[in-house]
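Some notes on the structure that comes next.
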Amino acid sequence: MTTITIKELHARTGEWVRKAGQTGEITVTDRGHPIAVIQPVPVNPTTLTSPVIPGLKRKMSPEWEALQNRLMENADSDSPPKRENPFLTRKLLPGFAALQERLTGGTDSTEIISEMRDGR
């Protein structure tokens, strides 16, 4: 079992957490007294997302639960998960939205900008 000081943990947290995942428990001490243990979380190989810790109950928000369900549905297929096009749901600034409406139908953008500058 590895023992480190809280100062070492603070300086290289990510490194120590990864090491715990690879090698096992790491005890953290403060002035020579053990105060914490970093240990790897066992993972159920069938789901790859749910830790198997007896007695641990996790409550997720509905959004996270829906996302996890979508990911689990796609985990069985070989194809990557479908992504929504962010450009279809974006909100445009009012000025740009009005300009974009005027551009439909083949209007030349230089003509529209000239009209806006001339106040027509």
Could you calculate the FRET efficiency of Met1 with Gln68 from 1/(1 + (r/R0)^6), where r is the beta carbon distance between them and R0 is 35 Å, rounded to 0.05? 0.55
Along Cα→Cβ, 7 Å out, is where each label goes; now give me the distance between the ones at His33 and Asn85 in nm to one decimal. 6.2
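Here, each number is a calculation from the coordinates, and none is a lab measurement. Keep in mind that this is a model prediction, so the values were computed, not measured. Methodologically, a virtual Cβ is constructed for each residue, glycine included, from the backbone with ideal geometry; neighbour enumeration extends over all protein chains shown.
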